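The values are calculated or read from the model by the stated rules, or taken from the named source; none is laboratory data. Worth saying up front: this structure is predicted, and the values here are computed from it rather than measured. We place every Cβ from the backbone using ideal geometry, glycine too, and count neighbours over all the protein chains shown.
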Amino acid sequence: MDNGVLRKNKNVRYYIYNFNMTNFEKWDKEFRTQNLYAFNHNENALMYLKVRAVCRGKQIKQFTEKNGIELTSTKISDQFAELFSIMENTPNGMDMLDTYLRDRNNEWYHTMGVDEEKLKSGLRQINSYEWGGDQENSLDQYLVRRYIKVISDFDVLKSKADAIAANAWKFVQTSWYNNWTSYLIESIFKKHGRVLSAVGEIKSVDFFIENNPVDLKVTYFPGAYMQGKLKEILGNSELTWLKRQAKVFNILPDRNLSDPEQYNFLKEELENQGYSEIVVRLTEIRKKIVDEARNNSEILIKWLYENQSPRLFGAENRLFVVLIDSTDMDQSWKMKRAFSLIEPKVNDYLNNFNEHSLKKVDFTFNKKAYQSLADIIFIVKE
């Protein structure tokens, strides 16, 4: 859009620009610069997000045809701006958008024809949660480091085919588990009457809860957060503390084991030799850390924002679903298929959702300050 006015003199043609931004330009700039806090409690900003939700090829065609709207633009980006301008100047524009989004709630599930009961049965058959790579969960880099750049003999490489295939399968199985459990958990939200799906799958918005734009994040209690709190309490890393406790009873570490294997080995040996009180104490400290996070969720929310992956950074409103097996936190991955626990908790949260549910969060990322609204739903197996 050219907001310039052409002016002439005998030697020069030049533009004097009008710097009055349209509402579309204003919100588009805020969205692209991650100033998503500006979209809270502002009806015009909310309209921008809802128009953005329908601005995909299929959706925008459906919406305009249903409402008798003719767009002159042909490119989707231009149609977005044009449709926003029409909607903000239409008295019932927000109602039109809400009706469309409500009608299309869960459309992507129905389109895919997923048999949810069969899917749940398949998810129950997963017995391990392994990425098939190394601790960084990067299968391709693991294969390069372990096989591609260190084995020059092709016959030797062929002899590793079964191990390579096993690693690839672990990665595929765990990724499949994560994808479809997330799908089913998100569907619980989108089926609730107070939720409108962002059917166009906008980056930074999965759905709207009572007109609050929200990005859903399903996760486990973060291990790095737990280890940081344990170090504050124990004075050392958890593994170092456990080694020192075991040494008192002449239980020595097995140097052939990785750190996670070492941790499990020492716990088992302490229990086997009658010193289970050490393991019980550690379990109680871990539970206390979880309880403190549940009672004061703002600290954990801020930590989750500040410790997110730079590649996937976002400052949008977030609703975290944190899954915890307090009896054995290493088995918390199984909680992602515990729909009989998850669904009532989610529905209860949505039934009682109010203007205070999402809490303001001030956080810093890469030395830049951000604001957002967020909350946590804790799903805990006691």
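For the range 227-248, what are the residues that are within 20 Å of residue 307 (Cβ to Cβ) and not in a helix (DSSP H, G or I)?
237
So, residue 258, is that one over 27 Å from residue 124 (Cβ atoms) and out of contact with any Phe, Trp or Tyr (no Cβ under 9 Å at 6 or more places or on another chain) or not?
Here the answer is yes, as residue 258 does meet what is asked.
Need a quick list: helices (runs of 4 or more DSSP H) entirely within the range 266-382 having at least 2 residues that are in the same structural domain as residue 40 (by TED's automatic domain parsing).
Those helices (runs of 4 or more DSSP H) do not exist here; none qualify.
Of all residues in the range 206-222, which are farther than 21 Å from residue 325 by Cβ and surrounded by 18 or more Cβ atoms within 10 Å (Cβ to Cβ)?
Of everything in the range 206-222, those that are farther than 21 Å from residue 325 by Cβ and surrounded by 18 or more Cβ atoms within 10 Å (Cβ to Cβ) turn out to be 206, 207, 208, 209, 212, 213, 214, 215.
Residues checked against (1) in contact (Cβ under 8 Å) with a residue 40 or more places away in the chain; (2) surrounded by 19 or more Cβ atoms within 10 Å (Cβ to Cβ):
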site	(1), (2)
193	no, no
204	yes, yes
224	yes, no
234	yes, no
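Could you look through the range 189-220, keep only residues that are more than 15 Å from residue 317 (Cβ to Cβ) and among the polar types (S, T, N, Q), and pick out the one that is modelled with the lowest pLDDT?
Filtering the range 189-220 for residues that are more than 15 Å from residue 317 (Cβ to Cβ) and among the polar types (S, T, N, Q), the one modelled with the lowest pLDDT comes out as 197.
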